[in-house]
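The values are calculated or read from the model by the stated rules, or taken from the named source; none is laboratory data. Please read these numbers as outputs of a predicted model, since none were measured by experiment. Here Cβ is always computed from backbone atoms with ideal geometry, including for glycine, and neighbour counts include all displayed protein chains. We work out accessible area using only protein heavy atoms, side chains counted, and drop any ligands, DNA or RNA first. Shrake-Rupley method; radii C 1.70, N 1.55, O 1.52, S 1.80 Å.
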Amino acid sequence: MLRPRAIFSLVQTLKGFPTAEGCVRTSSALCNRRNYSSQAPAASKSFGMNLFRGKVQAEEVFPFPEVLTSEQEQNLQMLIDPVAKFFEEVNDPAKNDAIESVEDGTMQGLKEMGAFGLQVPQEYGGIGLSNTQYARLVEIVGSHDLGVGIMLGAHQSIGFKGILLFGSKEQKAKYLPIVASGEKIAAFCLTEPSSGSDASSIRSRAVLSKDGKHYVLNGSKIWISNGGIADIFTVFAQTQVTDAKTGTTKDKVTAFIVERGFGGVSST
């Protein structure tokens, strides 16, 4: 219950308000003004709002720009059916799960189709697909067998991607042909027991030899897709880098190309 003082304050406050009759007149005037000045609102193109109206405003969500040339589109269409047929008739995802690896017949078929070098330029033995073309094909792979999709993705989406994007001419000439053919499988080695998404905290370290001709790299990595079958590794390690301007030396993360054949590489 309101105390008398509170009631008095409320009455005093209400005295400053228009009378009921004044409110009616004001509201009527506003309504008349609104009727004369407003127009019918334009139909909203909002995707969310139209869902409540039972409509799908698809053009606002799926503009789907045409990024492929007619030649690229034609080449992609030529690949879609053979890839889909291969995974429907040759690959056996249940068998791959049972043996915990990709069956030899599937691996050989993938090599013959060029599946290990989808984005590698043709000059290095690959197919030379764009990102859009590549995404369309791996969509088919993933819809049939995620294990194969991960193996192919780890190989080329990250495994040798650094060589493809930033490698020297000599490095590209040496490594891209053998990874594009599937002769060698690649892996991406970043995660460690003590570091995951915080890549800068990795403890693997590479030290330049006294003659300045090579690095000695020590460390361990975990959860490396293709780690047990790969021969080419992109390995990240800390190195000491001297700032040319300040002269100070700090640890910086550096990517190294490591071959299993170098020695000292083991996987479990």
Inset, instruction - Show me 143-155, 245-257 ranked by packing, highest mean number of other Cβ atoms within 10 Å first. - result: 143-155, 245-257
Inset, instruction - Note down the magnitude of the dipole of the chain about its Cα centre, charges +1 on Lys and Arg C-beta and -1 on Asp and Glu C-beta and zero elsewhere, to the nearest 20 debye. - result: 2180 debye
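Length gain on complete extension for the stretch ASP251 to LEU51, per 0.36 nm per residue less the alpha carbon to alpha carbon distance?
Values: separation 200, 0.36 × 200 = 72.00 nm, distance 5.27 nm.
Result for the pair: 66.7 nm of gain on full extension.
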Inset, instruction - Of the listed values (1) 32.2, 98; (2) 22.0, 63; (3) 18.3, 53, grab the one calculated as Rg and Dmax of the Cα atoms in Å from the structure here. - result: (1)
Inset, instruction - Have a look at PRO193, PRO177, PRO65 and tell me which one the Gaussian network model of the chain (Cα, springs below 10 Å) gives the largest fluctuation. - result: PRO65
Inset, instruction - May I ask you to rank MET107, MET113, MET49, MET78 by accessible area, largest first, using a 1.4 Å probe over the protein chains only? - result: MET78, MET49, MET113, MET107
Legend entry - Under 17 Å from the ALA173 label point (7 Å along Cα→beta-carbon), backbone N, the range 90-125: 121-125
Inset, instruction - Please give, to one decimal in nm, the separation of the simple spin-label points placed at ALA42 and GLU123, each 7 Å out from Cα toward the Cβ. - result: 5.0 nm
Inset, instruction - Please get the size of the charge dipole for the range 141-260, origin at its Cα centre, with Cβ charges of +1 on Lys and Arg and -1 on Asp and Glu, quoted in debye to the nearest 20. - result: 380 debye
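Taking 41 Å as R0, compute the FRET efficiency from the Cβ-Cβ separation of SER70 and SER195 and round it to 0.05. Mind dumping the intermediate values first?
Numbers: r = 47 Å, r/R0 = 1.14.
Efficiency, from the Cβ-Cβ distance: 0.30.
Hey, can you rank 204-211, 228-235 by average C-beta count inside 10 Å, highest first?
Values: 204-211: 12.4, 228-235: 20.0.
Answer by packing, highest mean first, reads 228-235, 204-211.
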Legend entry - Rounded to 10°, Cα long-axis angle of helix 131-144 versus longest principal axis of the chain: 90 degrees
Inset, instruction - Kindly express, to the nearest 10 degrees and within the range 0 to 90, the angle between helix 70-89's C-alpha long axis and the longest C-alpha principal axis of the chain. - result: 70 degrees
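Express the carbon and sulfur contribution to the solvent-accessible surface of the chain as a percent, rounded to the nearest whole number, probe 1.4 angstrom. Write down the numbers at each step before the final one.
On the way: 10250 of 18320 Å².
Carbon-and-sulfur percentage of accessible area, whole number: 56.
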Legend entry - Label-reachable residues, the range 78-98, where backbone N falls under 17 Å from a point 7 Å from ILE150's Cα toward its Cβ: 92-98
Legend entry - Cross-link pairs beyond the 28 Å C-alpha cut-off, checked among LYS221/LYS250; LYS172/LYS245; LYS111/LYS174: LYS172/LYS245
Legend entry - Solvent-accessible area per residue, Å², over the range 107-260 with all protein chains present [probe radius 1.4 Å]: 54 Å²
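With a Förster radius of 51 Å, plug the Cβ-Cβ distance of ASP81 and VAL241 into 1/(1 + (r/R0)^6) and report the FRET value to the nearest 0.05.
Values: r = 50 Å, r/R0 = 0.98.
The formula returns an efficiency of 0.55 here.
Sorted by accessible area (1.4 Å probe), largest first, how do SER200, SER157 line up?
Values: SER200 85, SER157 45 Å².
The residues order as SER200, SER157, largest area first.
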